[in-house]
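K.L.:
Quick one: this structure, given as structure tokens, is what I'll be asking you about.
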Amino acid sequence: MREIPVAIAASLAEGVTSLAHVLRITRRDGQVFGFTDHDRVLQFDALSCEPSEGLSIGAIEQSLGLGVDSASIAGALSSEAVTEADLGRGLWDGARVDLYRVDWTDPAQRVHVFAGRIGEVRRGAAAFEAELRGLKAPLNVPVGRVFSRFCDADLGDARCGKNIETAVFRGEGAVTHVLTTASF
């Protein structure tokens with residue numbers, strides 16, 4: 001269960017809050033960026049989180065067990081940090097994302113809401129939408145070969161290892177009777 005700091009819980013109970021989202025994103029090249037849906041720059045630890053106009057954080061779906069957590073973010077390409085060229089080069093693909101809910105009057109008051117990586121990014125001329133996949137997502141991807149009672153290699157390919165051009169695999173004859181659909 002997530003622990004919510006007392007000050008944030010009290011703010012939520014009042015109905016009028018001073019809460020904002022903060023996104024800390026670490027790209028594959030190691031650069032760290034901070035964004036917020038607040039209207040001014042927020043200092044979050046040693047990171048200056050720039051306001052992103054039109055930044056929208058979608059519903060966050062979290063599950064127990066090995067289910068994959070997911071969320072989405074969408075926004076305008078208004079930041080100099082998120083450029084069409086960098087998106088096209090894939091620098092943001094697989095970037096680490098941490099989403100926090102913070103009190104903008106005191107950013108030390110925060111709740112870590114989501115941790116994951118950027119999945120599929122769809123972009124247009126002036127906006128983007130990114131799928132966020134939870135940290136358990138790689139556990140949901142098949143890795144390696146599947147073993148079964150039937151061979152999954154193609155007869156004669158490199159993985160099969162059998163040379164079907166040899167006399168052992170060749171022969172000539174005439175079909176005289178068809179016994180079933182699988183034998184003659």
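K.L.:
Return the only residue of 48, 72 being part of a strand (DSSP E or B), of a type in the set (Ser, Thr, Tyr) and at pLDDT below 85.
P.N.:
72
K.L.:
Now for a different question. So which residues in the range 2-43 are free of Cβ contacts under 8 Å to residues at least 12 places away in the same chain, among the aliphatic types (A, V, I, L, M) and either on the phi > 0 side of the Ramachandran plot or in contact with a strand residue (DSSP E or B) (Cβ under 7 Å, 6 or more places away or on another chain) (or both), if there are any at all?
P.N.:
The answer is 41, and nothing else.
K.L.:
Moving on to the next point. Do you know which residues across the range 145-163 are open to solvent by less than 60 Å² (accessible area, probe 1.4 Å) and either within 30 Å of residue 119 (Cα to Cα) or in contact with a helix residue (DSSP H, G or I) (Cβ under 6 Å, 6 or more places away or on another chain) (or both)?
P.N.:
None; the set is empty.
K.L.:
Please enumerate the residues belonging to the range 138-155 that are free of Cβ contacts under 8 Å to residues at least 60 places away in the same chain and aliphatic (A, V, I, L, M).
P.N.:
Matches in the range 138-155: 141, 143, 146, 153, 155.
Yes/no matrix, rows are residues, columns are (1) polar (S, T, N, Q); (2) open to solvent by 80 Å² or more (accessible area, probe 1.4 Å); (3) not in a helix (DSSP H, G or I):
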| site | (1), (2), (3) |
| --- | --- |
| 86 | no, no, no |
| 115 | no, no, yes |
| 118 | no, no, yes |
| 143 | no, yes, yes |
| 168 | no, yes, no |
| 177 | no, yes, yes |
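K.L.:
Restricting attention to the range 115-168, and to residues there that are aromatic (Phe, Trp, Tyr) and at pLDDT below 80, which single residue is nearest to residue 32 (Cα to Cα)?
P.N.:
Taking the candidates together, the pick is 128.
K.L.:
Residue by residue through the range 88-109, note down the ones that are touching a Ser or Thr at 6+ places or on another chain (Cβ under 7 Å) and outside any strand (DSSP E or B).
P.N.:
95, 104, 105
The values are calculated or read from the model by the stated rules, or taken from the named source; none is laboratory data. Note that this is a predicted model, so its numbers are computed, not measured. Counting neighbours? That spans all protein chains shown, and the Cβs are built from the backbone with ideal geometry, glycine included. Please note that ligands, DNA and RNA were not included when accessible areas were found on the heavy atoms of the full protein model with its side chains. Shrake-Rupley method; radii C 1.70, N 1.55, O 1.52, S 1.80 Å.
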